[in-house]
Amino acid sequence: MKFDLRHLEAFVAVAEELHFSRAAARLHVAQPALSQQILRLESALGVDLLVRERRRTALSDVGRLFLVEARRTLEQARAAESVAERARRGELGRLRVGYHPTASSQPFLTALAAFERVVPEVELSLRELPMGVLGQPLHDDVVDVAFLSTLGDVECGQLQLRMRTLSTERFLVAAPAGHALAARAEVGLRDLDGETLVMLGRDVCAVWHDDLVSMCGRGGYSPRSIRYVGELGTQLTLVAAGLGVALVQESTRLLRTEGLRYVPVRDADRLVISAAMWRTADTSPVLTRFLNLLPTAPTSTGQAEQLPEPLSEPVAIGTRLPDQVH
């Protein structure tokens, strides 16, 4: 193309004003420079767009037709510029979210709802991830950000991923409302000795299962038997029915209270860490805008923890791989 948007802007100004001096003032350019732009445009097109007479300037027949398309082109260019600017601010685009539907996911999902209210034109897609699977969807570029909940320190084991802690929770024992433990202010793990433990099966998440069993052993609790379930809702239903007790994170109380009592476990030596994880190399404005809406993580003292900037340092290398977390 032998002309650009500046030539079109110059022509439209002259065509609408039909006066070079007024058009030059409108564009904040010198009149000779404006006249040269129109001449270059006509030369590039090989036609006369204007009829120049001593006392007046008028559009030629070609000029009238060209004016329609010039206006349309400038309008489309302004629309394209607006789209680029809004995309730069994270107001347009898409965000693909993977999450595990645990009790701890509530702050994460609340942030998603706030994000959708703030930037409603971003395409937001949710993908429920199987428990125990996290890192692979990020590496495969299936999701842009993922929520995880696991025991102890979160070390994703990959410098390609970054992580932000959302919450830290202690363990409670969930017991039937009429159970002897339900009246206690707190319990130790040894107080559960002989009780049937209702817990998620090892096939659901091996790391979560093994860490929980090890914690019970360190506290002196040897379950009389274990009833395995496939999801948290079933776990709570069995406990409410009097078929055992369960060790759950604090946020589980948000899911169900009927028929249940939740009692703090004073010597549970593992914390439930909930976090968001994303790719280090992902500089998407949409992702950055979402990360700015994530809640701050409460500390054990109840004070708000100061979180790093959205693009924080990569998490440290560790032995726990991302496809092993709960």
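Quick note: the coordinates plus some simple rules give every number you see, no bench work behind them. Here the structure is a predicted model, which means the values were calculated and not measured. Every residue, glycine as well, gets a Cβ built from its backbone with ideal geometry; the counts of neighbours run over all protein chains shown.
Which whole-number percentage describes the relative contact order of the chain, with Cα contacts under 8 Å and a sequence gap of 6 or more?
25 percent
Amide H contacts of VAL229 (H built 1.01 Å from N, in plane; Pro and chain starts excluded): MET199, LEU200, GLY201 sit under 5 Å, all sequence-distant by 5 or more or on other chains. Each semi-axis of the equivalent ellipsoid for segment 42-140 is √(5λ) with λ an eigenvalue of the Cα gyration tensor; in descending order they amount to 56, 14, 8 Å.
Per-residue packing, averaged as other Cβ atoms within 10 Å, sorts the ranges 12-18, 188-194 into the order 12-18, 188-194, beginning with the highest. Considering only ALA87, ALA114, ALA23, give the residue with the highest GNM mean-square fluctuation for the chain, with springs between Cα atoms whenever their separation is below 10 Å. Fluctuation is largest for ALA23. Once both labels are positioned 7 Å from their Cα atoms along Cα-to-Cβ, the gap between ARG170 and GLN76 label points is 6.5 nm.
Set the Förster distance to 45 Å, then compute FRET efficiency between ALA114 and LEU65 from the Cβ-Cβ distance, nearest 0.05. If you can, show how the numbers build up before the last one.
On the way: r = 50 Å, r/R0 = 1.11.
Here the calculated transfer efficiency is 0.35.
The amide H of GLY93, built 1.01 Å from its N in the peptide plane, has GLU123 as neighbours under 5 Å, considering only residues 5 or more places off or on other chains.
Farthest towards the positive end of the charge dipole of the chain, among the residues SER149, PHE171, ALA240, is the Cα of SER149, using unit charges on the Cβ of Lys, Arg, Asp and Glu. Using the alpha-carbon centroid of each, what span in Å lies between segment 204-254 and segment 1-30? Using only Cα atoms to place each centre, the spacing works out to 75 Å. Rounded to the nearest 20 debye, the dipole size of segment 12-136 about its Cα centre is 360 debye, using +1 on the Cβ of Lys and Arg and -1 on the Cβ of Asp and Glu.
Among HIS179, HIS19, HIS100, the largest mean-square fluctuation in a Gaussian network model of the chain (Cα springs under 10 Å) belongs to HIS19.
Calculate, in nm to one decimal, what ASP211 and ARG56 gain on full extension: separation in residues at 0.36 nm each, minus their alpha carbon distance.
Value of the extension gain: 47.0 nm.
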